[in-house]
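These notes are about the structure you will find just below.
The values are calculated or read from the model by the stated rules, or taken from the named source; none is laboratory data. Predicted, not measured: the structure shown is a model, and the values here were computed from it. We place every Cβ from the backbone using ideal geometry, glycine too, and count neighbours over all the protein chains shown. Quick note on the areas: whole protein, heavy atoms, side chains included, nothing else; ligands and nucleic acids left out. Shrake-Rupley method; radii C 1.70, N 1.55, O 1.52, S 1.80 Å.
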Amino acid sequence: MKISGLQMFWMMATLEFGMTLLLSQSPAIAEAKQDAWISFIIAGVAAIMLTFVSAKLSLLYPHQTFIQYSQTILGKWLGKIIVIPYFIQWFSAIGVILRDSSDFILMTLFHKTPLIVLVVLMLYLIVYVTYQGGIEGIARCSEVIGPIIFLVIILTLILNYNNIEWKRILPIYADSGWMSILKGGLSPVSFFGESVSIMMLICFMAEPSKGVSRTIWGVGFASFFTCISTLAVLMVFGSGLTAKMWYPYFEMVRYISVMEFIQNIEILVTVIWMFSVFIKLSVYLFITSYGAAQWLNIKDWKKVIWFVALGVVPLAMIYKNIDTSSINYVKKYWIPYVFPINMVGIPLLLWIVGSIRKNSKEHYIYRRQ
């Protein structure tokens, strides 16, 4: 399984964009008000830094996955222990994303369809592409889907031009302050920080050395469009109304009316969002299954897919409503634990220790010669 630099770019951009756009705008705007777009800029820059650290870490051992080189750096047992938080993150994220995406489809399209049907249908799709194509199949899908997603976003932004009022983002900074702006950036940066999944993916690149630049460009591309989309939402509805919405961008698209002819195009946003969720879930399913197989020393990683798939169905259905599946999950687990530990702490620790060990080894070999 080999993926190209372009495929890595689109896979990262697509993976980062969908859930961030849908779930992080309201929390950011509630904190930073009309300055939330600045929060997204700060979040994007921070995410690029996290991506750089994760990519450079992976390039220390370009032919190994995160599961393998964590043991190379820290030793077998400590290396196995330190990846456990990632398995918890990956597995729980699949269940939550399945539930959120199914709830969204239930709300916008299929009001009377049983929730379990939507969960199983989406799960069937991601199992199929992961089992049949692995990461190479997922990367090829993202290469086709990615450009479509961003073209539709550009189209909806253009069609909203008549609804925009610049004064709704004024005054800048005066009503919020830096602390509120920084707090507003916590939710988006925790979503953008999912780019650390490249620690499991760079070894599958045909040219791993291109992993740093391609991944950073992908994260930057998604961050830019999310920031512009947030700015557009603020200029259409204002910060007060937007902060109370579940899905601000979706509501903005429903607001489009050009000459009373181009209307009701929110189906486009629903479709491209599902495309993004499809790529994200497929990547998570792959890294969870492949990583678990390596961690347990199972030769055929595809067998693990079935255990993961069966496990996430009850996890997706256990949540009572969207509050517990998305808002509480993000506030009580994702931001306080996943972000500082899985996205910042462990990659930074492994990069420092791995760099020291590798430099010491190279210096020792040089002196022996």
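Taking only DSSP H segments of four or more residues, each worth -39500 (n - 2.57), what value at 222 nm results for the chain once the sum is divided by all its residues, to the nearest 500 deg cm²/dmol? Walk me through the numbers before you get to the answer.
Numbers: 15 runs with 259 residues, N = 369.
Here the helix-only value at 222 nm equals -23500 deg cm²/dmol.
Rounded to the nearest Hz, the phi-derived 3J(HN,Hα) couplings of region 294-301 under the Karplus curve 6.51 cos²θ - 1.76 cosθ + 1.60 (θ = phi - 60°) are 5, 5, 9, 6, 9, 5, 8, 5, where x marks glycine and proline. Once the gyration tensor of the Cα atoms in region 35-85 is diagonalised, the equivalent ellipsoid follows with semi-axes of 31, 13, 6 Å, ordered largest first. The alpha carbon radius of gyration of region 38-149, expressed as a multiple of 2.2 N^0.38 Å, is 1.38. Here's how it looks for residue 205: its modeled amide H is under 5 Å from those of 3, which are all 5 or more places away or on a different chain. In region 39-131, the portion of solvent-accessible area held by carbon and sulfur atoms comes to 77 percent [1.4 Å probe, whole percent, DNA, RNA and ligands not counted].
Here residue 183 is the anchor, and the lysines within straight C-alpha reach of less than 30 Å, apart from those fewer than 8 places off in the same chain, are 33, 56, 167, 244, 280, 320, 331, 332. Divide the volume of the convex hull around the Cα atoms of region 228-288 by the residue count and you get 105 Å³ per residue.
With a probe of 1.4 Å, find how much accessible area region 1-61 has per residue, and write the answer as a whole number in Å². Please report the intermediate quantities before stating the final value.
Values: 1690 Å² over 61 residues.
On a per-residue basis, region 1-61 sits at 28 Å².
On a per residue basis, region 263-315 carries 42 Å² of accessible surface, using protein heavy atoms and a 1.4 Å probe. In this simple spin-label approximation, residue 348 and residue 116 carry label points 7 Å from Cα along the Cα→Cβ vector, and these lie 4.5 nm apart.
Once R0 is set to 45 Å, what does the formula 1/(1 + (r/R0)^6) return for the Cβ-Cβ distance between residue 84 and residue 178, expressed as a FRET efficiency to the nearest 0.05?
Values: r = 36 Å, r/R0 = 0.80.
Efficiency at R0 = 45 Å is approximately 0.80.
Here the Karplus curve 6.51 cos²θ - 1.76 cosθ + 1.60, taken at θ = phi - 60°, turns the phi angles of region 116-125 into couplings of 4, 5, 5, 4, 5, 5, 5, 5, 4, 5 Hz, with x standing for Gly and Pro. Solvent-accessible area of region 229-358 (1.4 angstrom probe, protein heavy atoms only): carbon and sulfur portion equals 67 percent. Would you please give the FRET efficiency between residue 258 and residue 328, computed as 1/(1 + (r/R0)^6) with r the Cβ-Cβ distance and R0 = 30 Å, to the nearest 0.05? E between residue 258 and residue 328, to the nearest 0.05, is 0.20.
Sorting 141, 203 by solvent-accessible area of protein heavy atoms yields 141, 203, largest first, with a 1.4 Å probe. Please report the spacing between the Cα centers of region 53-69 and region 117-148 in Å, no decimals. Each part reduced to its Cα centre gives a spacing of 25 Å. Every Cα-Cα pair of the chain was included, and the share exceeding 31 Å stands at 34 percent. Residues of region 202-246 falling in the label zone of residue 358, defined by backbone nitrogen less than 19 Å from a point 7 Å along Cα to beta-carbon, are 202-216.
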